[in-house]
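Following: one structure in structure tokens, then a few remarks.
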Amino acid sequence: DIENMVTGELTTTNGGTGATSFTAGITMADTWRLTTDFSGGADPISSNLEQNDDASFEDIGTAMSVSSGIFTFPQTGKYFILATFQTYNPTSSTSCDIQYTTDNSSYSTGANCRSQVASTSYNAISTSMIFDVTNTTNCKVKFVAGSGGTIMGNSGYNGTHFQFIRIGDT
């Protein structure tokens, strides 16, 4: 029972007095996935998206929202974003991006991944970034796929999928 063992003030390494409250770990985590395959490019990937609904998955905090392929964050903070793309038969180079905006208008590439393998081959490529969401109205992300091969989706498991984890305050 540490509460009864501590008296007075706790000193901290910088010489100040002890903290009075703590924030517990990760406060938001969410996963979205592509439910069906598509061929050709998409900017953004905007259809056949669903939040992970497996029995083993439980999001933490308030979920992301998506409209026409544009993802909106539930609160400000620093987010780790991971995009994994499953591909098939990329007869030309397949390129996939995480793109972001801080003005709800112009997008920049924050992360990119590319692949080119022999025809009739399966492949998975991933990319990630940390995004400082300072305003939930203006800071958004989208996922873009180049035109090479097929981007694979499935509603029963995470093939092509996007993960969002809030890792800290802005």
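The values are calculated or read from the model by the stated rules, or taken from the named source; none is laboratory data. The model shown is predicted, which means the values in this text are computed figures rather than measured ones. When we count neighbours, we look across all protein chains shown, and the Cβ atoms used for this are built from the backbone with ideal geometry, even at glycine. Areas reflect the complete protein model, heavy atoms only, side chains present, ligands, DNA and RNA absent. Shrake-Rupley method; radii C 1.70, N 1.55, O 1.52, S 1.80 Å.
Given the condition free of Cβ contacts under 8 Å to residues at least 40 places away in the same chain and either in a strand (DSSP E or B) or among the basic types (Lys, Arg) (or both), answer yes or no: does some residue in segment 140-156 qualify? Taking every residue of segment 140-156 in turn, none turns out to be free of Cβ contacts under 8 Å to residues at least 40 places away in the same chain and either in a strand (DSSP E or B) or among the basic types (Lys, Arg) (or both).
Output the residue which, of all residues in segment 127-159 that are at pLDDT 95 or above and of a type in the set (Ser, Thr, Tyr), is least open to solvent (accessible area, probe 1.4 Å). Only one residue tops the list, namely Thr127. The residues of segment 67-93 that are open to solvent by 50 Å² or more (accessible area, probe 1.4 Å) and at pLDDT 95 or above, listed by number, are Ser67, Ser68, Gln75, Thr76, Lys78, Phe80. Would you check if Ser105 is surrounded by fewer than 16 Cβ atoms within 10 Å (Cβ to Cβ), at pLDDT 95 or above and more than 19 Å from the chain's Cα centre (by Cα)? Yes. Output the number of the condition that Asn112 fails; it satisfies all remaining conditions of (1) assigned to a loop (DSSP other than H, G, I, E, B); (2) without any contact (Cβ under 8 Å) to a residue 24 or more places away in the chain. With (1) assigned to a loop (DSSP other than H, G, I, E, B); (2) without any contact (Cβ under 8 Å) to a residue 24 or more places away in the chain applied to Asn112, the lone miss is (1). Among the residues in segment 160-169, are any of a type in the set (Lys, Arg), modelled with pLDDT of 95 or more and over 18 Å from Leu34 (Cα atoms)? Yes, segment 160-169 contains at least one residue that is of a type in the set (Lys, Arg), modelled with pLDDT of 95 or more and over 18 Å from Leu34 (Cα atoms). Of all residue pairs spaced 6 or more apart or on separate chains, none has beta-carbon atoms under 7 Å together with a first member in segment 46-66 that is farther than 11 Å from Arg33 by Cβ and a second member that is exposed (fewer than 13 other Cβ atoms within 10 Å of the Cβ) and acidic (Asp, Glu). Go through the residues of segment 20-40 one by one and say whether even a single one is out of contact with any Pro (no Cβ under 9 Å at 6 or more places or on another chain), modelled with pLDDT under 95, within 30 Å of Thr94 (Cα to Cα) and not hydrophobic (A, V, I, L, M, F, W, C). Yes: one or more hits.
Only one residue in Glu50, Glu9, Glu3 is among the charged types (D, E, K, R), modelled with pLDDT of 95 or more and open to solvent by 30 Å² or more (accessible area, probe 1.4 Å). Which one? Working first, answer last.
On the way: Glu9 fails: modelled with pLDDT of 95 or more; Glu3 fails: modelled with pLDDT of 95 or more.
Just one listed residue meets the conditions, Glu50.
The set of residues from segment 31-60 being touching an Asp or Glu at 6+ places or on another chain (Cβ under 8 Å) and more than 20 Å from Ser128 (Cα to Cα) comprises just one member, Thr35.
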